[in-house]
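I have placed the structure first, in the form of structure tokens, so that the comments after it can refer back to it.
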Amino acid sequence: MKFLRTLAIPVLIATAALTLTACGSDDASGTLVRIGTTDKDKAFEVFEQKAKEQGITLKVTNFSDYKQPNTALSQNQIDLNLFQHLQFLGQYNVASSDTLTPIGSTYIVPLGLYSNRHKALADIPAGGEIAIPNDPTNQARALFVLQAAGLLKITGTSAQPTPADIDKGASKVRVTPVDAAQTALSLPSVDGSVINNTFLERSGVDPKSALYKDDPKNPAAEPYINVIVSRAADKTNPTYLKLVEIWKDPAVATAHAETTKGTAVAVNRPGAELEQILNRVQQGIRTTK
């Protein structure tokens, strides 16, 4: 990130410069928008090109982990981010007392259970070990996946269950939480692993080899819709809303399908509906605290 130098610059000019940096600015290439992600891929390259054709220059920052893009957006280091689902955003907003807002949907990716040792769910033995992501949002979703697959039972009605909520006596398997990046690497040493789509690609795991996946069309999957996010004050910014539409361009969709090997399901939900889902998610998180 480049910091503005205000030494020997009049206060009025410095203030204007900061305002432009926070909200996007015009340069020789058109309107500049800074966007953060955690996985810049071929789809982003096409996205950049299509945006440029509409007079928008994207400056893409590829962050090294999931914790950074929301903080960067909140601190005006970037203008938008595109990397997370609504459940993850809700967890961040509640924990940080923030109001980051979804302005457009992108896709939803089913979360799946994979195994190197077994070819079918029925082959997983009683007492088998399953690796799951240890971050709160993906850990809860992984537990719901395993419950839907008939491998464990969750007690209570928490929207964010943890391994402590597992009914061990009624469950076939035990879980081992690991860093999300380690779920695919754990495959040789466990009976199964619930792996995020990002790490499938990086580890060369075939998405079609999943023993079980959740259903992205089920209303229960709404919290896992991935979104383009802005600060609340910018949710009606016409340039940012234009980028939401550009993401839906067929060329971007094709590139994204190639990158995800067809696992991502496109979602077209307006910002108002996404805010309603986010509000429900956040209320559920607050209730379980």
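Residue count for segment 150-190 under the criterion of being touching a helix residue (DSSP H, G or I) at 6+ places or on another chain (Cβ under 6 Å), part of a loop (DSSP other than H, G, I, E, B) and open to solvent by 20 Å² or more (accessible area, probe 1.4 Å): the result is 6. Report yes if ILE103 is touching a Lys or Arg at 6+ places or on another chain (Cβ under 8 Å), under 26 Å from LEU243 (Cβ atoms), open to solvent by less than 40 Å² (accessible area, probe 1.4 Å) and among the aliphatic types (A, V, I, L, M), otherwise no. So ILE103 passes the test.
The requirement of being within 22 Å of THR57 (Cβ to Cβ), open to solvent by 30 Å² or more (accessible area, probe 1.4 Å) and among the β-branched types (Val, Ile, Thr) is fulfilled somewhere in segment 237-254, by at least one residue.
Residues that are in a loop (DSSP other than H, G, I, E, B), at pLDDT below 95, under 16 Å from ASP234 (Cα atoms) and not aliphatic (A, V, I, L, M) occur at least once in segment 18-26.
In segment 83-95 there is no residue that is of a type in the set (Val, Ile, Thr) and touching a strand residue (DSSP E or B) at 6+ places or on another chain (Cβ under 9 Å). Strands (runs of 3 or more DSSP E) fully within segment 61-143 that include at least 1 residues being farther than 30 Å from ASP191 by Cα and touching a helix residue (DSSP H, G or I) at 6+ places or on another chain (Cβ under 8 Å): 80-85, 101-105. Being modelled with pLDDT of 95 or more and touching a Lys or Arg at 6+ places or on another chain (Cβ under 9 Å) is a property that GLN49 lacks. Of all residues in segment 120-148, those being small (Gly, Ala, Ser), within 24 Å of THR198 (Cβ to Cβ) and open to solvent by 20 Å² or more (accessible area, probe 1.4 Å) number 1. Just one of the numbered conditions (1) modelled with pLDDT under 95; (2) over 25 Å from the mean Cα position of the chain (by Cα); (3) surrounded by 14 or more Cβ atoms within 10 Å (Cβ to Cβ); (4) not aliphatic (A, V, I, L, M) is not true of GLN54: (1).
The values are calculated or read from the model by the stated rules, or taken from the named source; none is laboratory data. Quick caveat, the model's predicted, so the values are computed rather than measured. As a convention, Cβ positions derive from the backbone with ideal geometry for all residues, glycine included, and neighbour counts pool all protein chains shown. Just the protein is used for accessible areas: all its heavy atoms, side chains included, with ligands, DNA and RNA removed. Shrake-Rupley method; radii C 1.70, N 1.55, O 1.52, S 1.80 Å.
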